[in-house]
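Student: Have a look at this one.
The values are calculated or read from the model by the stated rules, or taken from the named source; none is laboratory data. Treat the numbers as computed from the prediction; the structure is a model and nothing was measured. Cβ sites come from the backbone with ideal geometry, for glycine too, and all protein chains shown count toward neighbours. When the accessible area is computed, the model is the full protein with side chains, heavy atoms only, and any ligands, DNA or RNA have been set aside. Shrake-Rupley method; radii C 1.70, N 1.55, O 1.52, S 1.80 Å.
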Amino acid sequence: MNIHEYQAKQLLAQYGVAVPLEIPARSLDEARSAAGKIFASGSAKVVVKSQIHAGGRGKGLFTSGFQGGVKVASSVEEAVSLAGKMLGNVLVTKQTGADGRRVQTLLIAEGAKIKKEFYLAVLLDRAVGRPLVMASTEGGMDIEEVARKTPGKIFKEWIDPAVGIQPFQARKIAAALGLKGDLFNAAARFVTGVFKTWWECDASLVEINPLCVVEAPDGRETVVALDAKISLDDNALYRHKDIQEMRDLNEEAPLEIEASKFNLNYIKLDGSIACLVNGAGLAMATMDIIQHFGGSPANFLDVGGGASKEQVTAAFKIILQDPHVKGILVNIFGGIMDCNVIATGIVAAVKETHLNIPLVVRLEGNNVVAGKKTLAESGLKLITGDSMADAAQKVVRAVAGNP
Ligand code: GDP
Ligand code: MN
């Protein structure tokens, strides 16, 4: 699960990470009141930031033609005017895809005087099985580009999970950022807090880009997180009631939300052949083989090890809501799954949805004879496949219009 920048910063603040004074706003009235409070605190500027689950907002473009999802304002009126151009509008960034995302929440933050921008992230390095802290002096930019062009500018420190981040490691990272004196100490505390957030929240990624040295009105310099991204491990969410409440369904694909209600693991893709499969591994192999025979999968859909007739019907309905779907491949290997349950579900679903696109079914395993009999006696026009390769070729041909 992903959360918004303002929520990520709330979590970070709980672990002692310095964040700017900032207030989320969901309406123009809230934006006005938030901006008022921030100016009243002595800030000369406020920043109005679109909250969507995607980066690149600063350089993003609204479909209205308005440029920039992160803007600085010098007065309450200006902040409200900017808020009006963002709220309710669709922002397209490098990470959103062409459809963009509708902005429903803003973050009104104190405007910082930025002296330096850094990059800091904590993630799991699967290759060595350890948490990894990455830091770079090249902050505020696309880190993938830094990694490609100047990999030497990314500093890496691996953490022993048994003991957590050690003070000397936090200091090494602060030194790698070239900081001295009070800023060095502040950065070491900052890094420790970010690591603690990653660990305690069961995050898969905590990314601060930019982590900034900013100048306060009194001229003092401090380090703060001007942007934050946190991705959480769904498998650990049950331990974090407070984080679960941060889920924003507006940011999730409607079909994926619908699928999760039926315990179906569905991810929409761009192709034209829908797949309905039991087991994630088989689902991946099915997508591969469709591709191998020249087709392109419209989705990943794992109905799980023991799907019911209701789940299969729900799965068909979800698949068919995607207008790009031109054919369906059902690929079931019955282990725990009873093939006849699937067959009954398919027959019910085809009738209920008045299916009028090619459907190829490959059943194998537990109770397959009864399953095939159910399909054969249903009188439905469907194509059966004898093996995975056979079924994949048949669906690719059918979608191309030459069955
Ligand atoms: P992103 O584009 O989605 O990564 O959004 P960010 O929150 O990183 O904002 C984009 C850029 O806006 C940052 O890299 C900063 O350069 C700038 N920015 C963000 N907050 C402030 C601020 O408080 N003051 C100033 N002057 N610039 C800011
Ligand atoms: Mn950023």
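Student: Give the relative contact order (percent, whole number) for the chain; include only Cα pairs under 8 Å separated by 6+ residues. Before the final figure, lay out the partial values.
Tutor: Values: 838 pairs, mean separation 48.8, N = 403.
The normalised contact order for the chain reaches 12 percent.
Student: Convert 37 °C to kelvin, take the viscosity as 0.692 mPa s, use the Kirkwood radius over C-alpha pairs of the stretch 326-373 as Rh, and evaluate the Stokes-Einstein diffusion coefficient in µm²/s, rounded to a whole number. Can you show the working numbers first?
Tutor: Details: Rh = 11.0 Å.
The calculation lands on 300 µm²/s.
Student: Related question: Assuming 0.36 nm per residue, please report the length gained on full extension of the stretch Ser64 to Lys115 beyond their Cα-Cα distance. If you can, show how the numbers build up before the last one.
Tutor: Working: separation 51, 0.36 × 51 = 18.36 nm, distance 3.26 nm.
Length gained between Ser64 and Lys115: 15.1 nm.
Student: Starting from the Cα-Cα distance between Asp242 and Lys351, subtract it from 0.36 nm times their residue separation and give me the gain in nm to one decimal. Before the final figure, lay out the partial values.
Tutor: On the way: separation 109, 0.36 × 109 = 39.24 nm, distance 4.30 nm.
34.9 nm is the gain from fully extending Asp242 to Lys351.
Student: Turning to a different aspect of this structure: Please compute the modelled spin-label separation between Thr384 and Arg171, points set 7 Å along Cα→Cβ, answer in nm with one decimal.
Tutor: If labels sit at Arg171 and Thr384, their model points lie 7.3 nm apart.
Student: Which net charge results for the neighbourhood of Thr137, defined as the other residues with beta-carbon distances under 12 angstrom from its beta-carbon, given Lys and Arg at +1 and Asp and Glu at -1? Could the numbers behind the result be given before it?
Tutor: Values: positive: Lys116, Lys153; negative: Glu117, Glu138.
Neighbour charge sum, excluding Thr137 itself: 0.
Student: On to the next question. For the stretch 246-363, give the percent of accessible area contributed by carbon and sulfur heavy atoms, probe 1.4 Å, rounded to a whole number.
Tutor: Details: 2790 of 5000 Å².
About 56 percent, which is the carbon plus sulfur part of the accessible surface.
Student: Moving on to the next point. Applying 1/(1 + (r/R0)^6) with R0 = 35 Å to the Cβ-Cβ distance of Leu21 and Ala280, what FRET efficiency is obtained, to the nearest 0.05?
Tutor: 0.20
Student: Per residue, how large is the accessible surface of the chain? Use a 1.4 angstrom probe and give square angstrom. Spell out each step's value before the answer.
Tutor: Details: 19120 Å² over 403 residues.
So the chain comes to 47 Å² accessible per residue, rounded to a whole number.
Student: Which residues among the stretch 209-228 fall inside the zone where the amide N is under 18 Å from a point 7 Å beyond the Cα of Asp142, along Cα→Cβ?
Tutor: 209-210
Student: Output the relative contact order of the stretch 254-399, whole-number percent, from Cα pairs under 8 angstrom with separation of 6+ residues. Can you show the working numbers first?
Tutor: On the way: 310 pairs, mean separation 35.9, N = 146.
Over the stretch 254-399, the number comes to 25 percent.
Student: While we're on this one: In whole percent, and with a 1.4 Å probe on the protein chains, what portion of the accessible area of the stretch 21-110 is carbon and sulfur?
Tutor: Working: 2190 of 4140 Å².
Summing carbon and sulfur atoms, their accessible area is 53 percent of the total for the stretch 21-110.
Student: In square nanometres, what is the average projected area of the Cα convex hull of the chain?
Tutor: Numbers: hull surface 91.7 nm².
Result: 22.9 nm².
Student: Going by average Cβ neighbours within 10 Å, how do the peptides 143-156, 346-359, 383-396 rank, with the highest at the top?
Tutor: Numbers: 143-156: 12.7, 346-359: 16.9, 383-396: 19.4.
The peptides rank, most packed first, as 383-396, 346-359, 143-156.
Student: Now a separate question. Equivalent-ellipsoid semi-axes (√(5λ), Cα gyration tensor) for the stretch 113-244, whole Å, largest first?
Tutor: Numbers: eigenvalues 116, 59, 46 Å².
So the equivalent ellipsoid measures 24, 17, 15 Å along its semi-axes.
Student: For the chain, give me the percentage of DSSP beta bridges that are antiparallel, rounded to the nearest 5 percent. All intermediate terms of the calculation are to be shown ahead of the outcome.
Tutor: Values: 54 of 70 bridges.
Taking every DSSP beta bridge within the chain, about 75 percent pair in antiparallel fashion.
Student: Based on the Cβ-Cβ distance of Ser296 and Glu200, what FRET efficiency does E = 1/(1 + (r/R0)^6) give at R0 = 41 Å, to the nearest 0.05? Working shown, then result.
Tutor: Numbers: r = 41 Å, r/R0 = 1.00.
About 0.50, to the nearest 0.05.
Student: Related question: Can you give the extra length, in nm with one decimal, that the chain gains between Ser74 and Asp99 once fully stretched, where that is 0.36 nm per residue apart less the Cα-Cα distance?
Tutor: 5.9 nm
Student: To continue, here is another question. Estimate the FRET efficiency between Asn250 and Asp160 by the formula 1/(1 + (r/R0)^6), using the beta-carbon distance for r and 25 Å for R0, to the nearest 0.05. The partial results should precede the final answer.
Tutor: Working: r = 39 Å, r/R0 = 1.57.
For R0 = 25 Å, the calculated efficiency reads 0.05.
Student: Would you tally the net charge around Gly36, using a Cβ to Cβ cut-off of less than 13 Å, leaving Gly36 out, and scoring K and R as +1, D and E as -1? Walk me through the numbers before you get to the answer.
Tutor: Numbers: positive: Arg32, Lys37; negative: Asp29, Glu30, Glu77, Glu78, Glu110.
So the environment of Gly36 carries a net charge of -3.
Student: Say the cut-off is 25 Å between C-alpha atoms; which of Lys172/Lys229; Lys45/Lys153; Lys113/Lys196; Lys94/Lys394; Lys85/Lys261; Lys71/Lys116 go over it?
Tutor: Working: Lys172/Lys229 23 Å; Lys45/Lys153 32 Å; Lys113/Lys196 27 Å; Lys94/Lys394 37 Å; Lys85/Lys261 35 Å; Lys71/Lys116 18 Å.
Table pairs above 25 Å Cα-Cα are Lys45/Lys153; Lys113/Lys196; Lys94/Lys394; Lys85/Lys261.
Student: Report the charge-dipole magnitude of the chain in Debye, nearest 20, computed about the Cα centre from +1 at each Lys and Arg Cβ and -1 at each Asp and Glu Cβ. Let's see the in-between values first.
Tutor: On the way: 44 positive and 44 negative charges, 104 e Å.
Computed charge dipole of the chain: roughly 500 debye.
Student: For Lys115, list long-range residues whose amide hydrogen, built 1.01 Å from N in the peptide plane, is under 5 Å from its own amide hydrogen.
Tutor: The list, which skips near neighbours in sequence, is Val213, Val214, Glu215.
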